[in-house]
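I have placed the structure first, in the form of structure tokens, so that the comments after it can refer back to it.
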Amino acid sequence: MRSIVHIEIPSADNDAQKAFYGSLLGWQATEVPMGDDFTYVMFDLGNNMGTALSPLSDDIKPGDVILYFHSDDLDADIARVAELGGEVVLPRQDIPGFGALGIFKDPTGNRVAFWQSANPGQE
């Protein structure tokens, strides 16, 4: 059985979101610079589970929460998506030092994803 290893929550205002989830759930935010114009805001929930804020865009709107499922073989899992009636939205994208992800739509159109850690044995 696959576990959920990461959740992305759309954010229009990272400071407001950090304050909200910090006060409501006791989550501590960590900011991870990902380039000149993007900082990934992460919350470590323990047990190899994380949550992050994703910026709003034309493709990501409020309510577009993305669940990431653990994958031991991302390429094989992404290849099965179309066979099973889904649609690959973002093929394998490597995140150096962390792992790789692939985003897809299920047959209903929900965006979900796979995550393969760069550290084997760690989800």
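Values in this text are rule-based calculations from the coordinates and carry no lab data. Please read these numbers as outputs of a predicted model, since none were measured by experiment. Don't worry about glycine lacking a Cβ; one is built from the backbone with ideal geometry, like all the others, and counts go over all protein chains shown.
Test D77 against the stated conditions and say whether it is assigned to a helix (DSSP H, G or I), under 26 Å from P120 (Cβ atoms) and over 15 Å from the mean Cα position of the chain (by Cα). Even if it seems obvious, please write down each step before you answer.
Details: assigned to a helix (DSSP H, G or I): yes; under 26 Å from P120 (Cβ atoms): yes; over 15 Å from the mean Cα position of the chain (by Cα): yes.
When the stated conditions are applied, D77 passes them.
How many residues are of a type in the set (D, E, K, R) and under 16 Å from G63 (Cα atoms) when one looks only at segment 1-33?
First, the residues of segment 1-33 that are of a type in the set (D, E, K, R): 2, 8, 13, 15, 18, 31.
Narrowing further to those that are under 16 Å from G63 (Cα atoms): 8, 13.
Total satisfying the criteria: 2.
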When restricted to D77, D94, D106, D64, the only residue among the acidic types (D, E) and touching a helix residue (DSSP H, G or I) at 6+ places or on another chain (Cβ under 9 Å) is D106
*Test for S117: is it of a type outside the set (D, E, K, R) and closer than 17 Å to R2 by Cβ*: yes
In segment 51-87, anything surrounded by 15 or more Cβ atoms within 10 Å (Cβ to Cβ) and either farther than 25 Å from T30 by Cβ or touching a Leu at 6+ places or on another chain (Cβ under 8 Å) (or both) is listed as T51, Y68, L74, D77, I78, V81, G86
Scanning segment 32-67 residue by residue, those of a type in the set (F, W, Y) and closer than 17 Å to I4 by Cα turn out to be F43
